[in-house]
Amino acid sequence: MRGAKTREQLASQIEGYINQPKFAAAAWGVKVVSLATGLTLYENHADRLLSPASNTKLYTGALGLARFGGGHRIVTPLFATSQPDAAGILHGDLIVSGRGDWSWNSRRLGTDFWEIFAPFVETLASRGVRQITGEIIGDATYFRGKPTGSSWTIDDLDEGEAAELSALALDDNSMQVSVTPGSAAGQPCLVTALQPATGLEFSNQTMTVASRGSERIEAFRPSGGKNVFILGTLPAGGSKQILDIAVPEPASWFAGALKMALERKGITVGGEARGVTWPQSPSWEARNLVKLGEVSSPPLREMVRDFMKPSQNLEADTLLWDVGESARGPTTPPWMSSEAVGLMALRGWLKTADIPMSEVQFDEGSGLSRNNLTTANATVALLRFMARNPEAQDFLESLPIGGVDGSLRYRFEKNAGTRNVRAKTGTLRWASALSGYVTSAAGERLAFSIMLNRFEPASGHNAREEVDALVLMLADFAGGSHESK
């Protein structure tokens, strides 16, 4: 594709593309602005409210970085109902008071599952604790509200798009099951849970079939239950399959796994492990607790990068809830959920950033909600604001890089977008979006937002290809924003 040399040619090129008959029933929202001059190179229905899908995370990530700073660490305190005695015996309960740290993720860190709990074990060891007579309690009451983002569908939990939100999160509150073919056709497959203490019970209803038979494995957990049915078939001699399964009551999972981790390191626990969540009132609320120490998260810049690049939903929503609780004040109604207070903080921040609030209508912070709406105009305003914000570099480095990593790893390979496009993807059934930054062939840095909704691609194609085609027109643009049309 030849690159346009003037703004007029660029506009004609884009118009010719999006006005093709195949888009007759679809809805586009497009805006492109020069970061150097502030001039608009192109826009088409930039004020149209559309589903941004995971472009929502641009707003959540920017809000978190702007409010807390990239160097911010989430601190999780450890309390006890009594001081450990001289013999190292804690006569009472150990309470881990969750504050919304989502970084305890062995799969992302590439570590052994038990390494997650090393800082907790070290904290207790530094206080000489050798025995706990009471319970291990995972206190997740810091967050208020139902354990899912507003407007999520039941399919989102079933299909692994997200798990329950909690102030105590472990492996994104999702465990894995390995399913391996049996040694011969007619035998059940081997089902192995890869993480302990989830409280889930598994019913193996799989079958090994002939070597060229059907390969289809799925997990089904009835809503609200702890029984998981593993269904389907694998061919003999085939490869194993890994299933992700959302774990209910994640605070209880955290507490149970921590109890096991302590016992593995020689710290005995006399009581059980349990979780406590809002709106339960902790039984120790009126007691004078002893603070034994605290565990800190990595810097927020790393945590935002870690959810932005792969587009992890639970972590993005958790950040919005963290913002909500940091913004909760004495006049905030106690019944308001962490999410609602976070969205109120987002609206206030949009106003200070001169981003049109009326063009940002969100129910939650990840983009899983089909009710989230925004405009290309508002998203470009956000990108421009963050480009000159003190957290600009951290925000930029959180975005996927074309042809390199994250959700753009296999997009913009071996073309003008490779290592050039830095943008957030967004995909739902009827929504495809891409918004971020690209440098034109003339060396001008551009902010862009492209949203395509209600488009049914031809067989063998997808909406991402249509969006990417417009971005490549920007990367190949050889003109400049200062040129007149």
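Read the figures in this text as sums done on the coordinates, not as results from a lab. As the structure is a prediction and not an experimental result, all values here were calculated from the model. Heads up, the Cβs are rebuilt from the backbone with ideal geometry, glycines too, and the neighbour counts pull from every protein chain shown.
Data table
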quantity	calculated
Value of relative contact order over the range 171-246, rounded to a whole percent, pairs C-alpha under 8 Å and six or more apart	39
Sites N227 and R419 - FRET efficiency at Förster radius 45 Å, r taken between beta-carbons, to 0.05	0.40
Expected 222 nm ellipticity per residue - DSSP helices of 4 or more, -39500 (n - 2.57), all of the chain, to 500	-8000 deg cm²/dmol
Length released on extending from E8 to S337, taking residue separation times 0.36 nm less the Cα-Cα span	113.6 nm
By average C-beta atoms within 10 angstrom, highest first, the peptides 217-223, 433-439	433-439, 217-223
Residue order, fewest to most surrounding Cβ atoms within 10 angstrom, among L35, L470, L319	L35, L470, L319
Net charge, A86 excluded, C-beta distance under 14 Å - Lys, Arg +1, Asp, Glu -1	+1
Net lengthening on full extension, A458/Q176 (0.36 nm per residue, minus Cα-Cα)	98.1 nm
Backbone N within the range 214-258 under 15 Å of label point (7 Å from S203 Cα along the Cβ vector)	218-232
Principal-axis tilt of helix 338-352 within the chain, Cα atoms, nearest 10 degrees	30
FRET efficiency for A442 and S239, using Cβ-Cβ distance with R0 set to 45 Å, rounded to 0.05	0.40
Degrees, to the nearest 10: 56-68 long Cα axis against longest axis of the chain	60
Phi-based couplings in Hz for the range 8-19 (Karplus 6.51, -1.76, 1.60; Gly and Pro marked x)	5, 5, 4, 4, 5, 5, 5, 4, x, 6, 6, 8
Net lengthening on full extension, R264/A184 (0.36 nm per residue, minus Cα-Cα)	25.1 nm
Phi to ³J(HN,Hα) by Karplus 6.51 cos²θ - 1.76 cosθ + 1.60 over the range 27-43, Hz, x for Gly, Pro	10, 9, x, 9, 8, 9, 10, 6, 6, 6, 9, x, 7, 7, 7, 6, 8
K291, K424 arranged by Cβ crowding within 10 Å, fewest neighbours leading	K291, K424
Label point distance in nm, V404-L35, each placed 7 Å from Cα along Cα→Cβ	1.3
Calculated Rg and Dmax of the Cα atoms in Å (choose from (i) 21.0, 60; (ii) 24.9, 81; (iii) 27.5, 91), label	(ii)
Cα-centred dipole magnitude for the chain, charges only on beta-carbon of K, R (+1) and D, E (-1), debye, nearest 20	800
Under the Karplus curve 6.51 cos²θ - 1.76 cosθ + 1.60, θ = phi - 60°, whole-Hz ³J(HN,Hα) for the range 212-229, x wherever Gly or Pro sits	9, x, 5, 10, 8, 10, 8, 10, 10, 10, x, 3, x, x, 10, 8, 10, 9
Separation of the T133 and R108 label points, Cα + 7 Å toward Cβ, nm	4.0
